[in-house]
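Report on the structure given below.
Values quoted throughout were computed directly from the atomic coordinates according to the rules given, and no laboratory measurement underlies them. Keep in mind that this is a model prediction, so the values were computed, not measured. Cβ sites come from the backbone with ideal geometry, for glycine too, and all protein chains shown count toward neighbours.
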Amino acid sequence: MSADHSDRAAVKAALRAQHIETPSWAFGNSGTRFKVFAQEGVPRNAYEKIDDAATVHRFTGVAPSVAVHIPWDKVSDYADLARHAEDAGVRIGAVNPNVFQEDDYRLGSVCNPDPAVRRKAVDHLLECVDIMDVTGSRDLSVWLADGLNYPGQDSIADRQARLEEALTTVYERLGDDQRMLLEYKFFEPAFYATDVPDWGTSYAHCLELGPKAQVLVDTGHHAPGTNIEFIVAFLLRKGRLGGFHFNSRFYADDDLMVGAADPYQLFRIMVEIVLGGGLDPSSGVAFMLDQCHNIEPKIPALIRSVMNVQEATAKALLVDTDALASAQRAGDVLGANAVLVDAFSTDVRPLLAELREEMGLDPDPLEAYRRSGHAEKVRAERVGGNAAGWGA
Ligand code: AOS
Ligand code: ZN
Ligand code: ZN
Ligand code: ZN
């Protein structure tokens with residue numbers, strides 16, 4: 001697999017244009033239900049989480065926005081938070097409502113049998129759109145923990161009707177340039193049924209709502225063996241792929257670093273993105289990370305994650321699409337497959353190092369971060385930090 005000079009330039013231009021959004025919650029302490037291991041130097045508030053996101057951007061050059069989670073990142077003045085982000089060299093990206101952490105939500109949020117709880121959840125979603133107005137955010141990322149633990153616990157059909165009603169109310173509140181991304185997940189915290197279990201359910205709701213409603217694919221939210229690249233190709237073709245929550249899973253919603261468990265799967269997903277035009281900024285596909293760094297240092301883990309997405313994307317961009325198309329037309333099964341395997345087998349690290357130097361960055365972001373002394377500096381400055389979502 002070799003790219004000539006002009007190909008190389010086009011690949012680098014596409015990589016420069018691909019932006020990867022970091023999640024504010026990944027910078028704070030997190031853990032499992034067994035233990036949250038506190039790390040030193042973690043941010044103490046939303047402002048410091050944004051500083052950490054800016055640090056990831058400084059070393060990678062392609063992570064210019066950070067998703068926030070409300071109320072984990074609650075502040076008294078969101079315009080001030082947005083200005084802080086801008087001063088730090090990043091901006092506030094997707095706003096993630098939290099309708100799963102209060103006792104009121106034991107039986108669900110917008111699908112709850114109690115209309116008062118449903119109202120409270122919808123009010124929170126609307127409040128998040130107000131915040132988007134102030135921060136200039138485009139996307140409301142809706143993940144609902146709603147579902148059932150036991151057969152018969154509630155009416156599956158009635159819950160769909162409640163969901164539809166709530167989503168419609170929120171959809172109607174969206175501004176012209178705002179979108180609602182509806183994330184699906186087939187289990188957890190509900191174990192018998194969830195109210196948005198799969199891409200089909202999300203897609204069906206989005207279709208009814210309108211073009212500003214888009215499906216959000218969290219790579220960790222599928223049953224083992226699910227062909228995620230199929231889902232990506234389908235949604236992209238229909239103009240309904242709002243974006244990703246990237247992470248890796250071995251068993252469940254493990255939220256490990258993207259590209260760590262199965263780089264070939266990530267590559268296959270990125271191939272569909274490239275072939276379907278999803279790298280074009282006008283496609284609106286948002287590349288966001290949704291991860292938790294429970295035992296590893298967080299900023300380097302996010303730098304590594306951004307690099308992993310870039311590597312998969314670079315390999316996908318190196319697919320010889322002419323050779324692929326002619327092999328496919330000729331029914332050459334092995335030849336077509338070899339085109340993909342060749343691209344995947346290419347070492348793209350030299351190309352990415354070259355690109356980073358052209359962007360005025362260190363070619364080795366992780367080593368540059370280590371040398372910078374930033375970790376030692378924040379460890380000394382930030383005493384008593386634990387502004388996590390999960391751990392807070
Ligand atoms: C939950 O499983 C979903 O992936 C959410 O998108 C996300 O993890 C949560 O909102 C923040 O931790
Ligand atoms: Zn997610
Ligand atoms: Zn998840
Ligand atoms: Zn996840």
Long-range HN-HN contacts of SER141 with modeled amide H, under 5 Å: VAL95, ASN96, LEU181
Loop-located chymotrypsin sites (Phe, Trp or Tyr not before Pro) in segment 125-192 whose Cβ has at most 14 other Cβ within 10 Å (DSSP): PHE191, TYR192
Kirkwood Rh in Å, taken over all unlike Cα pairs in segment 232-296: 12.5
Too-long pairs where the Cα-Cα distance tops 26 Å, listed order kept, from LYS35/LYS185; LYS35/LYS315; LYS298/LYS377; LYS12/LYS185; LYS12/LYS377: LYS35/LYS315; LYS12/LYS185; LYS12/LYS377
Shape box of segment 186-321 [Cα atoms, principal axes, largest first, Å]: 42, 41, 25
Spin-label model distance (nm) - SER345 vs ILE295, 7 Å beyond Cα toward Cβ: 3.4
Dipole of segment 6-381, positive direction: furthest Cα of ASN308, GLY278, LEU163, with charges on the beta-carbon: ASN308
Straight-distance crosslink candidates among aspartates and glutamates, where the alpha carbon sits under 15 Å from LYS49 and sequence neighbours closer than 8 are dropped: GLU21, GLU40, ASP73, ASP80, GLU86, ASP87, ASP290, GLU381
Rg/Rg_ref, segment 276-392, where Rg_ref = 2.2 N^0.38 Å and atoms are Cα: 1.45
Dimensions in Å of segment 168-251 - Rg and Dmax from alpha carbons: 13.1, 39
For segment 177-264, share of DSSP beta bridges that run antiparallel, in % to the nearest 5: 10
Percentage relative contact order, the chain, counting C-alpha pairs under 8 Å, at least six apart: 22
DSSP-loop trypsin sites (Lys or Arg not before Pro) across segment 235-289, with at most 13 other Cβ within 10 angstrom: LYS238
Dipole of the chain [Lys/Arg +1, Asp/Glu -1 at C-beta], most positive-end residue of VAL122, ALA213, LEU334: LEU334
Mean Cα-pair separation over length for segment 1-139, i.e. relative contact order, pairs under 8 Å, 6 or more apart, %: 20
GLU102 paired with ASP322, simple spin-label distance in nm, labels 7 Å along Cα-to-beta-carbon: 6.0
Distance (nanometres) between label positions extended 7 Å along Cα→Cβ at LEU207 and ARG119: 3.4
From phi via Karplus (6.51, -1.76, 1.60), per-residue ³J(HN,Hα) for segment 290-296 in Hz, x at Gly/Pro: 9, 9, 10, 10, 6, 10, 9
Kirkwood Rh, angstrom, the chain [1 / mean 1/r, Cα pairs]: 21.7
Considering only segment 6-381, percent of DSSP beta bridges that pair antiparallel, nearest 5: 15
Among 51-57, 76-82, the order from most to least packed when residues are scored by Cβ within 10 Å on average: 51-57, 76-82
10 Å-binned pair-distance histogram of segment 87-189 (Cα, whole percent): 15, 46, 28, 9, 2, 0
Extreme residue, positive dipole direction of segment 6-381, given options ASN98, MET257, VAL66 (C-beta unit charges): MET257
Area projected by the alpha carbon convex hull of segment 27-79, averaged over all directions, nm²: 4.7
Sequence-distant residues sharing a close amide H with THR346 (under 5 Å, placed H): none
Nearest-0.05 FRET efficiency for ASP332 and GLU165, computed from C-beta distance (R0 56 Å): 0.60
Surrounding net charge for ARG356, when Lys and Arg each add one and Asp and Glu each subtract one, Cβ distance under 13 Å: -3
Net dipole in debye of the chain [+1 Lys, Arg Cβ; -1 Asp, Glu Cβ; about Cα centre; nearest 20]: 320
